[in-house]
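Down below is the structure, laid out as structure tokens.
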Amino acid sequence: MTKDHFWEHQGLTEIAYCLEPDRAGEFIVRAHPLLPEFVNSTCVFPFTYGDMIYHNCISVHSSYDWCSLDKNFQGRWRYCTGKDPPVCIFPFVFKKKYFHRCTKESYILNRSWCSLTKNYNEDRKWKQCSPYNF
């Protein structure tokens with residue numbers, strides 16, 4: 001806590017309520033940087049975040065999938081990779097084409113995805129790929 005801000009830890013971010021007279025009432029949000037030791041840590045499944053139990057990576061409050069590093073989320077997390085469950089299967093078939101890596105084809109949010117089976121057309125099982133394209 002500083003003299004002019006009151007910081008409240010909210011998992012992936014911190015929210016500050018500014019107490020400075022000329023900025024009183026403003027909210028300031030800052031994201032926590034991903035610490036290096038978290039990058040190589042193992043995801044814990046299932047994990048609890050809020051009131052929900054998750055059995056795979058999630059994109060709650062994030063543009064990319066992430067996982068908790070603790071059974072009950074304690075603020076320790078990392079982005080998911082293609083090696084985290086469920087795992088991408090390559091090559092996979094989608095619309096008469098074979099894909100050997102994640103694709104953005106037909107995903108309206110312009111993000112990459114992959115199939116979780118050899119034939120997406122038949123099984124329709126997929127996941128969003130990592131922002132790092134692992």
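The values are calculated or read from the model by the stated rules, or taken from the named source; none is laboratory data. Here the structure is a predicted model, which means the values were calculated and not measured. With ideal geometry, Cβ positions are generated from the backbone for all residues, glycine too; neighbour counts draw on all protein chains shown. Areas reflect the complete protein model, heavy atoms only, side chains present, ligands, DNA and RNA absent. Shrake-Rupley method; radii C 1.70, N 1.55, O 1.52, S 1.80 Å.
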Item to check | Exceeding the 28 Å Cα-Cα cut-off - candidates LYS83/LYS104; LYS71/LYS95; LYS71/LYS104; LYS71/LYS97 | outcome: LYS71/LYS95; LYS71/LYS104; LYS71/LYS97
Item to check | Signed unit charges on C-beta, dipole axis of segment 57-111, positive-most listed residue VAL87, PHE99, PHE73 | outcome: PHE99
Next on the checklist: Tell me the carbon and sulfur percent of the accessible area for segment 56-134, rounded to whole percent, probe radius 1.4 Å.
Outcome noted: 51
Checklist entry - Near ASN56, within a Cβ-to-Cβ distance under 11 Å, what is the net charge of the other residues, with Lys and Arg +1 and Asp and Glu -1? => result -1
Checklist outcome for this item: For SER115, the residues 5 or more places away or on another chain with a placed amide H closer than 5 Å to its own amide H are ILE89
Item to check | Backbone HN-Hα couplings from phi across segment 101-112 [Karplus 6.51/-1.76/1.60, Hz, Gly and Pro as x] | outcome: 7, 4, 9, 9, 4, 6, 9, 5, 8, 6, 10, 8
